[in-house]
Amino acid sequence: TPLPTLAPLRASSSLNAVRPVSGEVIRGFSDQPVFWEALACWQAHPALDIEAAPGENVLCLRDGVVTACSRDALWGWRVQIRQTDERICEYAGLALCEVEIGQSVTRGQVIGELMDAIPAESELGAHLHLALSEDEKALDARDEVP
């Protein structure tokens, strides 16, 4: 009789990753509504907020290709990178963007510089808003960040 096979386990990829900024997680992932003070509303928080100093360099978590770079009033510069594992990692809260769409990036490469405070989350001060998704589904990136 054949032996049953186990579904492959997805191991944390933090061993292949670089910490994007120096600080600690100050707000975690939540697919349930949380109160956003700066926006005065309740909504999910599908990202990690990682404390860092204003002007600190933001490093690429893993190798990939830049798929989007945009700037808006609520988030500052936002950079999306399709990582080699096909997940999309978005870095928001940048004052300066140092990459462009289509560019290949490597883990540890500077992709931008943090702003003083992200307007959408100004109560948290300077930090990186880091979101991870796979097949358009938000993922908790806590295990991905070393």
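No lab work stands behind these numbers, since they all come straight from the coordinates. Quick caveat, the model's predicted, so the values are computed rather than measured. Note that each Cβ is placed from the backbone with ideal geometry, even for glycine, and that neighbours are counted across all protein chains shown.
Taking a temperature of 37 °C and a viscosity of 0.692 mPa s, what whole-number D in µm²/s does Stokes-Einstein yield for the chain with Rh from Kirkwood over alpha carbon pairs?
Details: Rh = 15.6 Å.
In µm²/s, the coefficient is 210.
Ordering of 20-27, 122-129 by packing is 122-129, 20-27, highest average first (other Cβ atoms within 10 Å, averaged per residue).
For the range 31-146, averaging the sequence separation of C-alpha pairs within contact (under 8 Å, six or more residues apart) and dividing by the residue count gives a relative contact order of 32 percent. If you take all other residues with their beta carbon under 13 Å from the beta carbon of Asn57, and give Lys and Arg +1 and Asp and Glu -1, the sum is -2. Whose amide H sits under 5 Å from the amide H of Glu56, counting only residues 5 or more places off or on another chain, with H placed in the peptide plane? Correct list: Leu114.
Charge dipole of the range 16-146 (Cα centre as origin; +1 on each Lys and Arg Cβ, -1 on each Asp and Glu Cβ, all else neutral): 200 debye, rounded to the nearest 20.
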